[in-house]
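Have a look at the structure below, then the notes.
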Amino acid sequence: MKRKFLSLLFLPLVTLGSCSSGVSRRSDMLLKDVYKDFFTIGGTYNEFSFDSKLTSHFNSMTCENAMKWISVHPNVSTYNYQEADRYVDFAKAHNLKIRGHALVWHNEKSISSDVFASNDKETVISIEKDHVNKVVTHFKDDVYCWDVCNEVVDDGTSPLAEDGSNVYRQSNWYNICGRDFIKEAYIEADRTLKELGLRDKVKLYYNDYDNTKPAKRSKTIAMLNWLLEENVPIDGIGMQCHYHLGSFDPAQLEESIIAYSNLGLDVQITEFDVDIYDRTKSNLVNYASYEDVPKEVIDIQATIYDRAFEIFRRHSDKISNVTFWGVSDNNTYMNDNPDYGYLTNYPYIFDVFEEKKPAFYLITDYQEEK
Ligand code: GLA
């Protein structure tokens, strides 16, 4: 706790005018109110976050897993919305809008293998369309947007090939159906929403990670241009923005927001977090407890949040939502996770006690931009 008070000494005092009890700061306000003139603010929920006292900071939420294919459609012939419906009830009780995440994703843990058993394009696309139709119909406008396709672009670092041959991830979807599975998902979502009379209430996004990096950005733009040329109904792009201590590049973030917006798409920041380890380094030491994390590390993390939010505010005419991929450090998908080297992580703006971290103070008590 000592660390937090020390950090506060270095933060700018931003006054919002005096009140009888003294000076008020934006950091005393709810995040959603601080950002009400910019964009909505989301948290991502799993079964452990329902009792969080932080929910009032948000006006949007994403289900970490509950709306993924495997959760609502555990095998080709079964749909089950029991768990997801609990999140809808939770969102309604707390005045949260829901980002629907995600209809079509390759990740093996997130889809049953029988979807691809036929190895036949027509069969696989008909299963996909059934999924999109049934899930979109079930949630109606309880969600305000869908990540229709998630992570279909290749994430190799090689630049976009002239013939476009390296644009797509070599997933089961792509290997069986070619790129058509992408377009069919949007067409089916759009058709279903029109049939329900809800097309103006539910927007359709493409969501991916690392789409700020130049190679992946140009492949993403190639795919989006193809969809747009084919008049495929797509409204926006989700930039996940999973950063670690050594990966943040503000220029690339800003250029990417501008580039995607120039395509005529709305931009959402869908999965923002900042892993406290610098993954460019080897022999990382685990910080098993929050108290073990050096102050410099928490300050670098805060600076990344601060610089990113400065960019988001400056481009708020292009961005309609910013969502953190979690709520507080007391519960994160990175912990006990081989993909993150089993290191204990503290990636959010609220700490393990659900208290505000330096990042929270920087993104709220910012100096007004000139
Ligand atoms: C991707 C997915 C999310 C989540 C994270 C966890 O970003 O879109 O749903 O699973 O991976 O790493």
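The values are calculated or read from the model by the stated rules, or taken from the named source; none is laboratory data. On a predicted model such as this, the values are computed, not experimentally measured, just so you know. No Cβ is skipped: glycine too gets one built from the backbone with ideal geometry, and neighbour counts run over all protein chains shown. The area values use the complete protein model at the heavy-atom level, side chains included, leaving out ligands, DNA and RNA. Shrake-Rupley method; radii C 1.70, N 1.55, O 1.52, S 1.80 Å.
Hey, can you tell me all the residues within region 283-322 that are part of a loop (DSSP other than H, G, I, E, B), more than 25 Å from ALA102 (Cβ to Cβ) and at pLDDT 95 or above?
LEU284, VAL285, ASN286, TYR287, ALA288, SER289, VAL293, PRO294, ASP317 - these are the residues of region 283-322 that are part of a loop (DSSP other than H, G, I, E, B), more than 25 Å from ALA102 (Cβ to Cβ) and at pLDDT 95 or above.
Taking region 271-303 as the region of interest, how many residues are in contact with a helix residue (DSSP H, G or I) (Cβ under 9 Å, 6 or more places away or on another chain), among the charged types (D, E, K, R) and within 14 Å of THR344 (Cα to Cα)?
4
If you check every pair at least six apart or on different chains, which have Cβ atoms under 9 Å apart with a residue in region 276-300 that is open to solvent by 80 Å² or more (accessible area, probe 1.4 Å) first and a residue that is at pLDDT below 95 second?
Final answer for the pair search is GLU291/MET1; GLU291/ARG3.
Quick grid of which residues meet (1) without any contact (Cβ under 8 Å) to a residue 40 or more places away in the chain; (2) crowded, with 19+ Cβ neighbours inside 10 Å; (3) within 16 Å of the ligand (Cβ to nearest atom):
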position: MET29; (1), (2), (3): no, no, no
position: TYR35; (1), (2), (3): no, yes, no
position: THR40; (1), (2), (3): no, yes, no
position: THR55; (1), (2), (3): no, yes, no
position: THR62; (1), (2), (3): no, yes, yes
position: ALA66; (1), (2), (3): yes, yes, yes
position: ASN75; (1), (2), (3): yes, no, no
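Which of the residues belonging to region 97-107 are open to solvent by 10 Å² or more (accessible area, probe 1.4 Å) and within 12 Å of the ligand (Cβ to nearest atom)?
TRP105, HIS106, ASN107
Sort out which residues of region 77-96 are more than 16 Å from the ligand (Cβ to nearest atom) and either open to solvent by less than 70 Å² (accessible area, probe 1.4 Å) or assigned to a loop (DSSP other than H, G, I, E, B) (or both), and write them in order of number.
The answer is SER77, THR78, TYR79, ASN80, TYR81, ASP85, VAL88, PHE90, ALA91, HIS94, ASN95, LEU96.
Please identify the pairs in which a residue from region 95-111 that is closer than 16 Å to THR323 by Cβ has its Cβ atom under 6 Å from the Cβ atom of a residue that is within 12 Å of the ligand (Cβ to nearest atom) and at pLDDT 95 or above, counting only partners at least 6 apart or on another chain.
ARG99/THR62; GLY100/MET67; HIS101/THR62; HIS101/MET67; HIS101/ASP147; ALA102/ASP147; ALA102/ASN150
Within region 159-168, identify whether any single residue is under 28 Å from GLY326 (Cβ atoms), in contact with a Leu (Cβ under 8 Å, 6 or more places away or on another chain) and more than 16 Å from the ligand (Cβ to nearest atom), and answer yes or no.
Checked against the condition, which is being under 28 Å from GLY326 (Cβ atoms), in contact with a Leu (Cβ under 8 Å, 6 or more places away or on another chain) and more than 16 Å from the ligand (Cβ to nearest atom), region 159-168 yields no hits at all.
Suppose we filter LYS129, LYS121 for residues that are open to solvent by 60 Å² or more (accessible area, probe 1.4 Å), closer than 22 Å to TYR205 by Cα, in contact (Cβ under 8 Å) with a residue 12 or more places away in the chain and more than 19 Å from the chain's Cα centre (by Cα); which single one remains?
LYS129
Starting from residues that are among the charged types (D, E, K, R) and more than 16 Å from the ligand (Cβ to nearest atom), keep the ones in region 132-153 and report whichever is surrounded by the most Cβ atoms within 10 Å (Cβ to Cβ).
Here the residue is ASP142.
I'd like the full set of residues that are closer than 20 Å to VAL202 by Cα, within 16 Å of the ligand (Cβ to nearest atom) and open to solvent by 20 Å² or more (accessible area, probe 1.4 Å), limited to region 219-270.
none
Here is a yes/no grid of residues against (1) out of contact with any strand residue (DSSP E or B) (no Cβ under 6 Å at 6 or more places or on another chain); (2) surrounded by 22 or more Cβ atoms within 10 Å (Cβ to Cβ); (3) not in a helix (DSSP H, G or I):
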site: SER328; (1), (2), (3): no, yes, yes
site: TYR333; (1), (2), (3): yes, no, yes
site: ASP336; (1), (2), (3): yes, no, yes
site: ASP339; (1), (2), (3): yes, no, no
site: LEU343; (1), (2), (3): yes, no, yes
site: PRO347; (1), (2), (3): no, yes, yes
site: PHE353; (1), (2), (3): yes, no, yes
site: TYR361; (1), (2), (3): yes, yes, no
site: TYR366; (1), (2), (3): yes, no, yes
